[in-house]
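The values are calculated or read from the model by the stated rules, or taken from the named source; none is laboratory data. Quick caveat: nothing in here was measured; it's all calculated off a predicted structure. Note: ideal-geometry Cβ built from the backbone for every residue, glycine included; neighbour counts use all protein chains shown.
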Amino acid sequence: MTLSLHRKLVAAGGLLSASGLIGSVAVWGALPARVPIHWDAAGQPNGWAPKAFALLALPLLGALLAPLAGALVSRSGHGPRRALVHRAGATVSLLTGGFLLAVHLLALRAMLHPSATLAVGAVLALTGLLFLGLAPTMRWLEPNRWAGFRTRWSLADETNWALTHRFGAWSMGLGGLVCALAPALFAPALAAWIGLGSVLAGSLAPLGYSYLLHRARGAR
């Protein structure tokens with residue numbers, strides 16, 4: 001991947017999120033002054049905000065966050081794995097932008113039909129797919145100041161870093177898979193707890209693994 005292509009792909013993540021503004025403009029006139037912006041685990045609205053904030057905030061925030069996340073990941077690559085790290089940065093930006101766009105469109109659908117609930121199952125499935133997509137990028141990262149499972153032990157030991165991120169790729173992927181499947185296996189409220197809990201556990205487990213690995217290697 002050339003540097004020019006990499007930069008375009010990172011920027012494309014922001015454009016993906018910002019394209020949600022098209023949907024916002026399309027439904028602007030059909031919405032009341034205040035619309036729901038937050039829903040509970042069953043998909044029922046429990047928080048409202050002015051229409052302008054609801055329709056503009058997520059696409060504009062994503063237009064900044066998606067390329068920023070991709071750029072920070074990309075900055076971590078200065079060694080022989082630089083090309084892989086740049087691929088990771090582009091992947092992070094595109095997945096983040098696509099995820100935020102999809103969530104925004106689901107929110108617009110719920111805003112348009114106040115009697116309808118937010119499609120929580122779809123949001124959970126998208127969250128799971130996001131983590132499944134991000135998981136392999138963990139293997140590509142080098143020790144850095146910006147991205148990855150940055151513990152005091154992984155930063156001090158390249159072997160710890162490599163093994164922690166290999167484990168993290170599996171734990172994040174497993175958490176994402178459980179989250180993606182939860183809506184099809186459990187009732188909505190339970191699926192939300194199981195799905196979000198699984199991605200949280202999959203993201204935090206590598207931190208404990210890094211410590212245990214440090215202890216095991218230090219005991220030798």
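Below are the figures for this structure:
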{"quantity": "Helices (runs of 4 or more DSSP H) contained in the range 104-220 and holding at least 1 residues among the basic types (Lys, Arg)", "calculated": "152-156, 158-185, 188-218"}
{"quantity": "Criterion (surrounded by fewer than 21 Cβ atoms within 10 Å (Cβ to Cβ), modelled with pLDDT of 95 or more and more than 17 Å from the chain's Cα centre (by Cα)) met by exactly one of 190, 207", "calculated": "207"}
{"quantity": "Candidate set: the range 128-155, residues that are among the polar types (S, T, N, Q) and crowded, with 22+ Cβ neighbours inside 10 Å; chosen: the one nearest to residue 215 (Cα to Cα)", "calculated": "154"}
{"quantity": "Per-region count, the range 122-134, residues among the small types (Gly, Ala, Ser) and without any contact (Cβ under 8 Å) to a residue 60 or more places away in the chain", "calculated": "2"}
{"quantity": "Some residue of the range 212-220 being within 24 Å of residue 66 (Cα to Cα), hydrophobic (A, V, I, L, M, F, W, C) and in contact (Cβ under 8 Å) with a residue 60 or more places away in the chain", "calculated": "no"}
{"quantity": "Among (1) farther than 22 Å from residue 40 by Cβ; (2) touching a Leu at 6+ places or on another chain (Cβ under 9 Å); (3) surrounded by 18 or more Cβ atoms within 10 Å (Cβ to Cβ); (4) modelled with pLDDT under 95, the one test that residue 214 misses", "calculated": "(2)"}
{"quantity": "Unique residue being closer than 23 Å to residue 70 by Cα, among the small types (Gly, Ala, Ser) and within 17 Å of the chain's Cα centre (by Cα) when the list is 121, 173", "calculated": "173"}
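Conditions (1) surrounded by fewer than 21 Cβ atoms within 10 Å (Cβ to Cβ); (2) polar (S, T, N, Q); (3) part of a strand (DSSP E or B); (4) not assigned by TED's automatic domain parsing to the domain that holds residue 140, marked per residue:
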site	(1), (2), (3), (4)
32	yes, no, no, yes
48	yes, no, yes, yes
73	no, no, no, yes
83	yes, no, no, yes
86	no, no, no, yes
90	no, no, no, yes
99	no, no, no, yes
102	yes, no, no, yes
